[in-house]
C-alpha cells in the first residue's frame, strides 16, 4: 500500500512594514492526525520538519527551517481537523517569487511538498490608498504586551492557512492593514469598512457596512469576525473594502475560504 505524506496547507500574505519595506509572510497548518505518533515515556509524540524556500527564477534567495512537535497522552485525543500552526516572515524586494514548502514526517520518513507564486509590487505612489492581503485567521485576540510570531498591531492573529471553517470552527476571523488614508487638520484619518461574502455562483451570502472609524495617522489595522454557522457547505469569497471618508477613495482586498460542516474542522493548536 502506498504511504501518504503529511497533510498540510500553506497561505501567503503580503504586508508593508512601518518603514515601507515589503514583508512576505508564509503560514503553515499541519494536520495532526496525519502525523505518525510513537510511544515515548508514557505518552505519544510526533515530529515534523518544514523547509520554506523563497526563489526568484532559479535563484534561492532565502530558506527557513522550522520544526513541529506534538504530544498526546492518549491516541483518542486526536481529532480530524486539528492543526499545528506556524508562521515565518521574509523581507523581500519587489519581484515575482516562488514559495516552495517541503514538510517531512520525521518518524514516518515521508514527505509532502507544495509551492505557489506571488508577486510583490513596488511601493504605492504617495497619496494612494493601499491594502495588504486579507489574512483569514482561526483566532484574533488583544495582546497589548506584544511579541511572538503571531503579534500584529496589539493583537495575536493566528492564521488559518487551510481557510476551512464550519462545524467546530464557526467563526471566521479576518485581518488586513491599510495605509494612505487622507488626514484632517488634527492628523486623524476617517474610514469605513464594508464586508461582502459571495458564494460559488457569485451570489451575495452576507453583506455588512460598519460605522465610521477614526485613527491617528494615515494607516489602520482592520479586523473582525464573521459567523459562518448558517452558511451552506461550499466555497466562498470574502471581500473587505475600506473607504476613506475624507478623500472618497476606497480599496478592496479579498480571499477565498471554504465552509465544511461534515468534516468538522477544529481550531488549530499553536505549538
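Residue 162 satisfies every condition listed in (1) surrounded by fewer than 20 Cβ atoms within 10 Å (Cβ to Cβ); (2) in the same structural domain as residue 240 (by TED's automatic domain parsing); (3) not in a strand (DSSP E or B) except (1).
Of the set (1) over 21 Å from the mean Cα position of the chain (by Cα); (2) touching a residue at least 24 places away in the same chain (Cβ under 8 Å); (3) closer than 30 Å to residue 122 by Cα, all apply to residue 29 but (1).
When each of 60, 87, 55, 103 is tested for being assigned to a strand (DSSP E or B), in the same structural domain as residue 37 (by TED's automatic domain parsing) and either loosely packed, with under 11 Cβ neighbours inside 10 Å or over 23 Å from the mean Cα position of the chain (by Cα) (or both), the lone residue that passes is 60. Check whether at least one residue in region 207-225 is within 26 Å of residue 8 (Cβ to Cβ) and either modelled with pLDDT of 95 or more or assigned to a strand (DSSP E or B) (or both), and report yes or no. Yes: one or more hits.
Being over 19 Å from residue 99 (Cβ atoms) and touching a residue at least 12 places away in the same chain (Cβ under 8 Å) holds for only one residue in 132, 138, and it is 138.
Filter region 234-271 for residues that are in a loop (DSSP other than H, G, I, E, B) and modelled with pLDDT of 95 or more; which is nearest to residue 11 (Cα to Cα)? Filtering region 234-271 for residues that are in a loop (DSSP other than H, G, I, E, B) and modelled with pLDDT of 95 or more, the one nearest to residue 11 (Cα to Cα) comes out as 249. Set side by side, the residues 122, 145 differ, and just one is touching a residue at least 12 places away in the same chain (Cβ under 8 Å) and either assigned to a loop (DSSP other than H, G, I, E, B) or in the same structural domain as residue 218 (by TED's automatic domain parsing) (or both), which is 122.
The values are calculated or read from the model by the stated rules, or taken from the named source; none is laboratory data. Owing to the predicted nature of the structure, the values given are computational and were not obtained by experimental measurement. Positions of Cβ are generated from backbone atoms using ideal geometry, with glycine treated the same way; all protein chains shown enter the neighbour counts.
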